[in-house]
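Worksheet: one structure, shown below.
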Amino acid sequence: MSIPSSQPVKSPQKRPEIIAMPEWLRRPIGKASELSAVQKVIKQRHIHTICEEGRCPNRGECYANQTATFLLMGPTCTRSCGFCQVDKGHSPMPLDPEEPQKVAESVSLLGLRYVVLTAVARDDLADGGASWFVQTMDAIRDRNPDTQIEVLTPDFWSGLDAEVQQRLRIETVVRAKPACFNHNVETVKRLQGPVRRGAKYERSLDVLRYVKAVDCSVPTKSGLMVGHGETKAELIEAMEDLRKVACDRLTIGQYMRPSLAHLPVQKYWTPEEFDELGAIAQDLGFAHVRSGPLVRSSYHAGEEP
C-alpha cells in the first residue's frame, strides 16, 4: 500500500543510547583483510571466541594483531546476566571432545605467546567445567610450551552442591598454574542482582580469595563495568573489597548495551573519570590497572607484568 503524499515518511528512530554515545566510544571495526586470518582459523575449527560471541568493541584491533580470547564449552551459557551478549539456555550442547586440541592448534597457527581462556557458565556439568580448563591448558602447553595462559573463569557454583565442591573446582584450575587467574565481580555490590543474575558479590570475592589460599604465587585479576548506575563511592568500595582478598590486577571499562533486550546504559563515564578511577585503584595497591572506556577483561592481557 502506498503512503499518501500528505504523510511524510518517517525515518526509523534510533536507540537513545546510540544517539547519545560519545565520540570516545566510537572506533573503526578494522579492515576485512586484518580480521580474516583469525576468523578463518576459528570458523574452520568450529570453536568460539568471546570476541565474537560477546561482540567485544576491541575485536578489530585484537584480530588485526592476531590475538583472541577463546570461549570454551560452547556458545550457550546457563546463566542469564543482564549485560552479556552470549546466548543463554538451560540445555547447552554437549562438550566437543576435540575442542582442547582445536584450541591448541589455533594458538599454534596464530603464533600466540599469551592466551586467555574463558568459558560460558556450565552449571549443568558435574565439575562446572573446571577439568575442561585444565585439559585445554595441557593441550596448549603440549603444542606451544612457551605460551602463557590466563584463565577467566565463572564462579564454578552450580547451586546444587556445597561450598567445598566449588573450592575443589577452583583448586583444580589453580593447580594447573595459569599465568593469571581472572574472575570478574563485574559491578558494585548494590547492582549485582539485576546485572549478574545467578551470581553473588561475596561468592565472587571468595573465588579470588580461595585462589590465593591454594597458591599465593598465582596472580589474580578482576574487572568492573561502569555505566549501570553505580556511584564513585560504590566503585571505590568494590576496589577496596577486591584488595582485601589480595586481588592483584584490575580492569575498569564502560558498559555498552548489546541490544534492546539488555540493560540500558545509565551513564557514559568520561575518559577523565576513567583516569581518576585508575589512579584510585593504583593508590589502593593494585599491581596493574587498566582503566578506560573500551577496556575489557582480556584487553592487552599479555602486556601485563
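The values are calculated or read from the model by the stated rules, or taken from the named source; none is laboratory data. Bear in mind the structure is a predicted one, so any value in this text is a computation, not a measurement. With ideal geometry, Cβ positions are generated from the backbone for all residues, glycine too; neighbour counts draw on all protein chains shown.
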Within the range 133-159, restricting attention to residues that are buried (at least 16 other Cβ atoms within 10 Å of the Cβ) and in a loop (DSSP other than H, G, I, E, B), which residue is farthest from the chain's Cα centre (by Cα)?
Asn144
Does Asp96 meet the test of being among the acidic types (Asp, Glu) and in contact with a helix residue (DSSP H, G or I) (Cβ under 6 Å, 6 or more places away or on another chain)?
no
I'd like to know if the range 188-210 contains one or more residues that are out of contact with any Pro (no Cβ under 7 Å at 6 or more places or on another chain) and more than 30 Å from Gln266 (Cβ to Cβ).
yes
Kindly indicate whether any position in the range 270-280 is in contact (Cβ under 8 Å) with a residue 12 or more places away in the chain, within 21 Å of Arg190 (Cβ to Cβ), out of contact with any Cys (no Cβ under 7 Å at 6 or more places or on another chain) and not in a helix (DSSP H, G or I).
no
Of the numbered conditions (1) touching a residue at least 12 places away in the same chain (Cβ under 8 Å); (2) of a type in the set (Ser, Thr, Tyr); (3) in a loop (DSSP other than H, G, I, E, B), Thr172 satisfies every one except a single condition; which is it?
(3)
Residue list for the range 63-101, restricted to those being crowded, with 20+ Cβ neighbours inside 10 Å, at pLDDT 90 or above and more than 24 Å from Ala199 (Cβ to Cβ)
Glu99, Pro100
Filter the range 111-132 down to the residues that are aromatic (Phe, Trp, Tyr) and either in a helix (DSSP H, G or I) or within 14 Å of Arg169 (Cα to Cα) (or both) and list them by number.
Trp132
Might you check whether a residue that is surrounded by 18 or more Cβ atoms within 10 Å (Cβ to Cβ), in a strand (DSSP E or B) and among the basic types (Lys, Arg) occurs anywhere in the range 292-301?
no
Take the residues in the range 180-225 that are among the basic types (Lys, Arg), out of contact with any strand residue (DSSP E or B) (no Cβ under 7 Å at 6 or more places or on another chain) and part of a helix (DSSP H, G or I); name whichever of them is farthest from Ala246 (Cα to Cα).
Arg190
Of the residues that make up the range 218-226, is at least one modelled with pLDDT under 95, crowded, with 20+ Cβ neighbours inside 10 Å, among the basic types (Lys, Arg) and under 20 Å from the mean Cα position of the chain (by Cα)?
no
Please state which one of Ala162, Ala126, Ala130, Ala176 is more than 20 Å from the chain's Cα centre (by Cα), at pLDDT 95 or above and not hydroxyl-bearing (Ser, Thr, Tyr).
Ala176
Only one of Arg169, Arg196, Arg175, Arg209 that is buried (at least 22 other Cβ atoms within 10 Å of the Cβ), under 30 Å from Asp146 (Cα atoms) and either in contact with a Leu (Cβ under 9 Å, 6 or more places away or on another chain) or not aliphatic (A, V, I, L, M) (or both):
Arg169
